[in-house]
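Student: Have a look at this one.
Only the coordinates and a few stated rules stand behind these numbers; no lab work does. What you see is a predicted model, and the numbers here were worked out from it, not measured in a lab. Quick reminder, even Gly has a Cβ in these numbers, built from the backbone with ideal geometry, and neighbours come from all protein chains shown.
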Amino acid sequence: MAFPLQEYIASLDNACLPKVLQVCSGVYFQGSVYEISGNEVCFSTGDIIKVTSLKLSSVCCEDVSNNERFEIPINHTGLLKVIPEETPYSTVEELVRLRPLGLDSSLHVTFTSRSKLALADITLGAGSVLTLLSVVEKDELCRCRVHLGPGQASAEVEVPLGTRGEFYMHEGEERFTPMEIVTSPHLRSQRFHFDNAAMCKRTLVLSPIYQIHAIMSMRKNILCFPSSLAVDVVDITDKCEDINFVTPLSLPDVHSQEDQTFPMVVEVLEGPDTRTMFKCSWLAQLQKGTRLIFHQKATSHMTLMSTLKSRKGQQYFLVSKQYAARFRRRPRGFDSAYKLYMASTQTPGLRVSITRDCEEVEEEGLPGLSVGERLEVIGCQKVELPCGHVDAVVCQRLEDMDDDEEGEKLDHIYLPLYMEGHFVELLADTKKYTLDELVEKVPMDVKVVSRDPELESDPLVEFPSLRIEGGILEPTIQASFLHTPDRCFEMPIQRICMTVYCTQQPLPWPPNQAPKCTVDCVTEVTDKFLYQFQKETLAPVIPPPRPPKWKLSTPKTSKTFLTKDFDDMTLGSKRISSPLPATTANVSHLPPPLTPRKSATPQGSAARAMPNTYVGVGTKVTGLDCDEEANDSDNPYEQVDDLFAVVLKKAEKTFTFI
């Protein structure tokens, strides 16, 4: 049977919890659960809720006359009096049996008789007021106290339950707080009014409002909603033994659990985002419904490595501490004095060799460098160059000698930080290092010289050079798939966003016989991981200084040429510093004569000049009525204008415009 949520919850107490309820009907929108200010406000038909605890929060008062409802706090100090019912009872037994009141209640049952009441020892007149004290079941009678009137002593009488008459409930003098009313099941069925002149006319029914704490399937957080929601529910506690309330967990939630809970079998509820930072084979298999084994949790020290830039792009790898390969250092390359200085701050006494000639620029103070020249970085200081005071890397030239000999230090050389160049690190180290020995000296270039024997295929062996970018501590979960429980991989929980839930499926191996697992120590990542890694681990990198603006010693040539006569003139001014030349009588106003054209035909030759291919001079236009005199004009531009006019005139005759 369906009940309103508030009515059903009011009949419960914490001793009978938990209860499983199913929503039958109610006010809801498109979704299943809506949350406002941390409270669930509506459900959909068919939702299953498991109520775990109740907390009394307020009191609902309903006006019987107009069904208006309002809430008052649970600690309201107002007092209320019981309003007696107007419906008469025909027998004393009906009044006692049908009233939902118990003798253990603080409310005494007081009633009055409209007619005379003849008892064994006494006859009571009409309007007598009696208070029920107890019921004697075996004798089928009840003991009552009779109020004889003001100034008279009360007496106790025995009234048979079968006594007939017209009995009404009588208004008593007891007053109750809202807290006392809603916590007593017997008082909640009564009607009350406030013992206040302003509110005494309102007939109220009081009911408790609880804050319900419950769980739902596929919800991670505990739901918290009031019992006053307008929904109907059905109690299905006895029929839901096979219902499993799934609690979704994120990877950080799983990592926060106790060590004793591992290993466990989990199922993926929501797979990771396709735009994740990882490029590995196991990531594509983490789809909804896939089951995994979480072997253990840990906080692993991982190293980020990158390959050299190539036509295929640059690759990045996240390598865990268990990687057992051996490395050999590789010389680093630098393409500017700034990068050379930054490397020297981490590697004191850095020595490099020049791999490409650099011409000297005296105006800017850039020194000349030759291929094969060796330098040792001393430090950085401000120096004065022809362009101003700039920061420069101080180096010493070294005499060319064998790698195992100490070269003699020659004169100093100053390389401005903005200077471009081609340098390569000088190394004479042939020692093989483990990953732990190299992480403390990052960044550096290395090469894998002996692969990890635990791995079937080591992806780092094929690269001629790798750069160690740095190390980071990552909380991880060691996981594997059910079909390959011994092939494990490490999942960085802060880099992968997915949800799982713990199943009750047993582990795929006998108790206390866990298989020996091999862990995939190398995971390929994207450049997004590199950018995120640099934001978390490295300080903000200051860009190298720009070269100072060079002030040219010679002024720029002006594109405007002014004559001496017009140099001092002001445009638009009434005063002209240089007067115009005086007009003379012999100055002609006629245009100057045209200069005769030089003949393009050699003297004594009858050959004609080559036509101008750009203006079509001398070219015959087929289908046009052109005058031959147009081709004999001395001005080629006039020929083009005439030709264009002829074309337009011909087009007007040929085409009909609509």
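Student: List the residues whose amide H sits under 5 Å from the amide H of residue 300, counting only those 5 or more places along or on another chain, with H placed 1.01 Å from N in the peptide plane.
Tutor: HN-HN under 5 Å from residue 300: 474, 476.
Student: What is the distance, in nm, between label points placed 7 Å from the Cα along the Cα-to-Cβ direction at residue 536 and at residue 62?
Tutor: 5.6
Student: Sorted by mean Cβ packing within 10 Å, highest first, what order do the peptides 388-397, 317-326 take?
Tutor: 317-326, 388-397
Student: Please list the non-local residues whose amide H lies under 5 Å from the amide H of residue 393, H modeled 1.01 Å from N, same-chain partners needing a gap of 5 or more.
Tutor: 415, 417
Student: Quick check on my link table: of 50/239; 312/447; 339/528, which ones sit more than 21 Å apart, alpha carbon to alpha carbon?
Tutor: Flagged as over cut-off: 339/528.
Student: Of the peptides 258-264, 49-55, 438-444, how do they stack up when ordered by the mean number of other Cβ atoms within 10 Å, highest first?
Tutor: Put in order of decreasing packing, that is 49-55, 438-444, 258-264.
Student: Taking the mean number of other Cβ atoms within 10 Å as a proxy for protection, how do you rank 350-356, 308-314 from highest to lowest?
Tutor: Ranked from most to least packed, the peptides come out as 350-356, 308-314.
Student: Report the Cα-based extents of region 334-425 along its three principal axes, largest first, to the nearest Å.
Tutor: In descending order, the Cα extents are 40, 27, 22 Å.
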